[in-house]
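The values are calculated or read from the model by the stated rules, or taken from the named source; none is laboratory data. Just so you know, these numbers come straight off a predicted model, no measurement behind them. Every residue, glycine among them, receives a Cβ derived from its backbone with ideal geometry; neighbour counts consider all protein chains shown. These area figures cover heavy atoms from the full protein model, side chains too; ligands, DNA and RNA do not enter into them. Shrake-Rupley method; radii C 1.70, N 1.55, O 1.52, S 1.80 Å.
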Protein chains: 2
Amino acid sequence: MFKILDCTIRDGGYYTNWDFDKPLVDQYIQSMNQLPVDYLEIGYRSIAIKDYLGKYFYSPVYELEDLRKKSGKKLVIILNEKDIRVEHLNEVLGPVRGLIDMVRIAIDPEHLGRALILAEGVKKMGFEVGFNVMYMSKWKQYGDFIKELKNVDGIADYFYMVDSYGGVYPNDVIETIGLVKAETSVKIGFHGHNNLEMALINSLTAIEHGAEIIDATVWGMGRGAGNLKTELFLTVLNSKFGLPVNFNALGNVVNAFDAVLEKYGWGTNLPYMISGSNSLPQKDVMDWVTTRFYSFNSIIQALQNQKEKVKDNETLPVFTPEKSVKEVLIIGGGKNASEHAAGIKEFIKSRDNITIIHSSSKNAYHYKDLDTEQVFCLVGSEGHRMEQVFTDLGDFNGICVLPPFPRKMGTYVPSNVHDKTFELEAITFTDKFKDSHTALALQTASVLGAEKIYLVGYDGYQDFPITQKERDLTEENELLFDLFGKQSKEKLVALTPSRYKNLLADSIYSMIYG
Amino acid sequence: MFKILDCTIRDGGYYTNWDFDKPLVDQYIQSMNQLPVDYLEIGYRSIAIKDYLGKYFYSPVYELEDLRKKSGKKLVIILNEKDIRVEHLNEVLGPVRGLIDMVRIAIDPEHLGRALILAEGVKKMGFEVGFNVMYMSKWKQYGDFIKELKNVDGIADYFYMVDSYGGVYPNDVIETIGLVKAETSVKIGFHGHNNLEMALINSLTAIEHGAEIIDATVWGMGRGAGNLKTELFLTVLNSKFGLPVNFNALGNVVNAFDAVLEKYGWGTNLPYMISGSNSLPQKDVMDWVTTRFYSFNSIIQALQNQKEKVKDNETLPVFTPEKSVKEVLIIGGGKNASEHAAGIKEFIKSRDNITIIHSSSKNAYHYKDLDTEQVFCLVGSEGHRMEQVFTDLGDFNGICVLPPFPRKMGTYVPSNVHDKTFELEAITFTDKFKDSHTALALQTASVLGAEKIYLVGYDGYQDFPITQKERDLTEENELLFDLFGKQSKEKLVALTPSRYKNLLADSIYSMIYG
């Protein structure tokens, strides 16, 4: 009989930044005690990384002691080979001896040699050792990797094939197992991703061809499209092979993760299918999808470009305005820029040297007929939206600006406006969210040399309940306003109702008559 | 090259009761025009069924005319063989000649003979004919069915194997294709369900073994766990076989169904996995899951019982109270029964002949210490909840009532209260929602011969936004109050704040001092 390793907390941490409510973890441990699962992977252990990463990225000793007490299963942590060297092992693993049964190592096949040295150190400390070797669909291409495979015997207790892109099929599983078995007699494991809903059939195929350990997670929770679902795997093993399963315990742990699923919404979708199907890295896709900064369509476009190796990044002339402007009005996508459009237009007409910056084209049609100079920020798929807003771009007399070259999501500029389109040289006031609408608009205002910067249509979210994603976007804007404020002497003043506390508040109506 | 049939509107109708917003359908038609899909199945055609069923259950001519104009694809409708006879064909299909290219027939394999007669009629009217034959996992068991297979030649253009339970594996697909091919040379089709996430691999396997048409739906929308996802199938055909796919069109149609998915939330989950894996009908599971009347765990329990053929229905003594009571107080699960518990208890103590009926055990612990007679309605998993509420059932001195025998979801009675448990003889005032908490409570009140029926904790949903499911439950209660009112002279009086307009309103506080 093969073994089952559940890595819900470790791999699910990609969604929660490795923080989970303790009652949820306790429920998980308690349910798993009643289920035919052999190993539980609780998290990473790591040297300090300069960023906030949660509890189960470091898996502190007090937590492992608590879980050791509560769990009847073998406990596992994983190390990122790229971050950890032999000299770190005492610090990272010394304190968890006796608490942890197996240490897995996430390994890029290009660094198998280095990983073997690390693994030897881990093995000497008395742990079982699992190799999680990524990119199985590309192993054939690495000659050195294949030659080194024989050296894993005696060091690795399990040698996992990881379907990193989520794009392998049963035949690939069979072929790769053959490749490994030709070189070594190590026990083989399989960690399947579910981009193409192939995780179950690939896992069953792996078992049929001699794999001795399989990874799964509750609801498939895990990076990107997620993994083989523990509940699916156990249900099928029960009906196909008679494995005894306590379905009430299984139902309990699945239920317990319902709310987490609702909040983070992992699972496969078209962008993950495309990336999986074409062996494109899903790390980018996960960022694009979960922040929802980019529309589904622009993600698909970018993936398609990557896939077809279309050069989707062109260098544009750098935006260098000939003269400074006195005032800038940034028009955001909030509904107040549409509800107060008449007043905002009166305000614009009352100024003698003002430039409009549309951080989004969402409200732009209200301002089409103005003579004022207008700049459009084309982030992501904003070019497509612009085409929808301006049904005829023939008489477009604005200017478009894009983020600096090269752009992660490619360059889409409607052909009619191409000769009026520029890119910024750099985004200088922030390291985060550089390719957001707001960052682009603020930087443009700065390049324009504006003495005063007004904003309309930056409502913040006024209707409750707001979603996590809406909140993230609000927090992103807040941060950008703060960072911009630290570098510039110009104050940011909201002229329509706004919930952003770090904008000064005034009213377009007071400005018209003031 | 095989054909692709997209049946999103027809099969997705199981969730929407065959009503879809017209702009959504238009977007669907427009996107499909740009995608390599051959047939679109729009809905059912049917003789009149006595129940509200939406537009695409009847697919009226004006709608088909409109879609015919807008769509460049072959259009398909489906007939339920069980409802339609040859004599209905003129009425049902006459008006759609020239609009519809193919007529499919949903067929129980036990009625293949009867279906052949119907199909011949359809064929004579000039339509392509598709057979959608259900329960492919059981075909082997039907000797007559196998013998009749040769007769489909010349009548059926496509002969679909339908994985009704969503439980077949690639090997079963290969075996079943062999079974059919041994008897007939009809073109084979495959309609896969996704309970076990096998729809894609089963479809690919079917193609590899000669299937010539495959069904799919957007986001997999379809009865129960749903179908092969159109976007997954096309993405894989694109990367594996170079099928040209317009991913922007595909992204548009997937996006368009986002909101529908969010509302109805189809897709596989543990109950569907269990039913699929064990060839248990998913119609019941769909009802249980989507109305959420039953907890996940009680569904799993019921499925497990079905699977293990555990006799989970026991006949209990019929509830026949020795004497009538004057007044009944029904305590619901709303929070007002907990917030006003002190007042409600004073009210109870002030009455000389009142019986409490707990329609849910949710608030029961507040009333544990009263001497008053208490009846507990045990619907679905309510027995489990009761065990949680009363940590010690040893000194339980109430009475439990259950719905009449046999109970769809089985019988769960905590062992400590078994000798105090009864079942109702019948639910007489309603045909719908007979196994709901409220129906059980009202019927019990009626059996007790109460002259006055008060309710507390029937709040209705006071906090907005409410979910579809909450609304459904509210409407269900409203209907039950109405129906009960029609049969009984006793008025239903809510004594705590309630949004139910068909309850009379009074206050526990006025009753105490009144």
Item to check | Whole-angstrom gap from the stretch B:359-408 to the stretch B:242-285, using each part's C-alpha centre | outcome: 38 Å
Item to check | Top positive-direction residue, dipole computed over chain B with Cβ charges, set B:Ile344, B:Thr205, B:Leu378 | outcome: B:Thr205
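Just counting partner chain Cβ atoms within 10 Å, what average do the residues of peptide A:189-201 show around their Cβ? Before the final figure, lay out the partial values.
Details: counts 0, 0, 0, 0, 0, 1, 2, 9, 13, 7, 1, 6, 10.
Counting Cβ atoms of other protein chains within 10 Å of each residue's Cβ and averaging gives 4.
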Checklist outcome for this item: Any aspartates and glutamates whose Cα falls less than 19 Å from that of B:Lys501, other than same-chain ones fewer than 8 residues away, would be B:Asp459, B:Asp463, B:Glu470, B:Asp472, B:Glu475, B:Glu476, B:Glu478, B:Asp482, B:Glu490
Checklist entry - Which lysines does A:Lys323 reach when only Cα atoms under 18 Å apart count, and residues fewer than 8 places away in its own chain are ignored? => result A:Lys420, A:Lys452
Next on the checklist: Once ligands and nucleic acids are excluded and a 1.4 Å probe is used, how much of A:Leu116 is accessible, expressed in Å² to the nearest 10?
Outcome noted: 20 Å²
Checklist entry - What's the buried accessible area, both sides, between B and A using a 1.4 Å probe, rounded to 100 Å²? => result 3400 Å²
Checklist entry - Using the Cα gyration tensor of the stretch A:3-267, with a ≥ b ≥ c the square roots of its eigenvalues, what is the shape: rounded (a/c below 1.5), prolate (a/b larger than b/c) or oblate (neither)? => result oblate
Item to check | C-alpha center-to-center spacing [the stretch A:18-84, the stretch A:92-109] in angstrom | outcome: 11 Å
Next on the checklist: Taking each residue in A:165-172, count the Cβ atoms of any other chain within 10 Å of its Cβ, then average. What number comes out?
Outcome noted: 1
Checklist entry - Label B:Lys323 and A:Ser488 with points 7 Å out from Cα along Cα→Cβ: what is the distance between them in nm? => result 8.5 nm
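How much length is gained if the chain between B:Asn171 and B:Lys349 is pulled fully straight, taking 0.36 nm per residue apart and subtracting their Cα-Cα distance, in nm to one decimal? The partial results should precede the final answer.
Values: separation 178, 0.36 × 178 = 64.08 nm, distance 6.77 nm.
The span from B:Asn171 to B:Lys349 would gain 57.3 nm if fully extended.
Let me know the mean shielding of B:243-251 by other chains, meaning the per-residue number of their Cβ atoms within 10 Å of its Cβ.
Numbers: counts 0, 0, 2, 1, 10, 7, 1, 6, 11.
Average per residue, whole number: 4.
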Next on the checklist: With angles folded into 0 to 90 degrees, how steeply does helix B:22-33 sit against the dominant principal axis of chain B? Use alpha carbons for both and round to 10.
Outcome noted: 30 degrees
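So what is the diffusion coefficient of the stretch B:371-514 in µm² per second by Stokes-Einstein at 4 °C and 1.567 mPa s, using a Kirkwood Rh over Cα pairs?
It diffuses with D of about 78 µm²/s by this estimate.
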Checklist entry - What trypsin sites (Lys or Arg not before Pro) does the stretch A:60-128 have in DSSP loop regions with at most 15 other beta carbons within 10 Å? => result A:Lys82, A:Arg85
Checklist entry - So for A:Lys323, B:Lys150, what's the accessible-area order with a 1.4 Å probe, most first? => result A:Lys323, B:Lys150
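With +1 on each Lys and Arg Cβ and -1 on each Asp and Glu Cβ, and nothing else charged, work out how big the dipole of chain B is about its Cα centre, in Debye to the nearest 20. Please list the in-between numbers first.
On the way: 55 positive and 68 negative charges, 141 e Å.
Computed about the Cα centre, the dipole is about 680 debye.
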Next on the checklist: With an 8 Å Cα cut-off and a minimum separation of 6 or more residues, compute the relative contact order for chain A in percent.
Outcome noted: 11 percent
Checklist entry - About its Cα centre, how strong a charge dipole does the stretch A:3-267 have in debye, to the nearest 20, once Lys and Arg get +1 and Asp and Glu get -1 at the Cβ? => result 320 debye
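Taking the Cα centre as origin and putting +1 on Lys and Arg beta-carbons and -1 on Asp and Glu beta-carbons, what dipole magnitude results for the stretch B:382-505, to the nearest 20 debye? Present the calculation step by step, with values, prior to reporting the outcome.
Values: 14 positive and 19 negative charges, 76 e Å.
Result for the stretch B:382-505 is approximately 360 debye, rounded to the nearest 20.
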Checklist outcome for this item: In whole Hz, the Karplus estimates of ³J(HN,Hα) for the stretch A:152-163 (6.51, -1.76, 1.60; θ = phi - 60°; x where Gly or Pro) are 6, 4, x, 9, 8, 7, 10, 10, 8, 8, 9, 7
Item to check | Principal-axis tilt of helix A:199-208 within chain A, Cα atoms, nearest 10 degrees | outcome: 20 degrees
Item to check | Solvent-accessible area per residue, Å², over the protein assembly as shown with all protein chains present [probe radius 1.4 Å] | outcome: 41 Å²
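For the protein assembly as shown, what value does the Rg/Rh ratio take when both radii are computed over Cα atoms and Rh is the Kirkwood radius, given to two decimals? Could you put the intermediate results ahead of the total?
Working: Rg = 32.2 Å, Rh = 32.5 Å.
Dividing the radius of gyration by the Kirkwood radius yields 0.99.
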Next on the checklist: Quick check for you: which residues of the stretch A:210-244 have the amide N under 14 Å from the point 7 Å beyond the Cα of A:Asp472 toward its beta carbon?
Outcome noted: A:223-225
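Can you show me the helix-derived [θ] at 222 nm for chain B, built from DSSP H runs with n ≥ 4 at -39,500 (n - 2.57) apiece and divided by the number of residues, rounded to the nearest 500.
On the way: 21 runs with 198 residues, N = 514.
Helix-only estimate at 222 nm: -11000 deg cm²/dmol.
Given Cα positions, please report Rg to Rh for the stretch A:303-360, the hydrodynamic radius being the Kirkwood one. Before the final figure, lay out each step's value.
Details: Rg = 17.8 Å, Rh = 14.8 Å.
The Rg/Rh ratio comes out at 1.20.
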Checklist outcome for this item: Per DSSP, the loop-located chymotrypsin sites (Phe, Trp or Tyr not before Pro) within the stretch B:1-91 having at most 15 other beta carbons within 10 Å are B:Tyr52
Item to check | Stokes-Einstein D for chain A, Kirkwood Rh over Cα pairs, 20 °C, 1.002 mPa s (µm²/s) | outcome: 84 µm²/s
Next on the checklist: If I model a spin label at A:Glu339 and B:Lys335 as a point 7 Å from the Cα along the Cα→Cβ vector, what separation in nanometres do I get?
Outcome noted: 2.8 nm
Checklist entry - Which is farthest toward the positive dipole end of chain A among A:Asn269, A:Val417, A:Gln30, measuring Cα position about the Cα centre, with Cβ charges +1 (Lys, Arg) and -1 (Asp, Glu)? => result A:Gln30
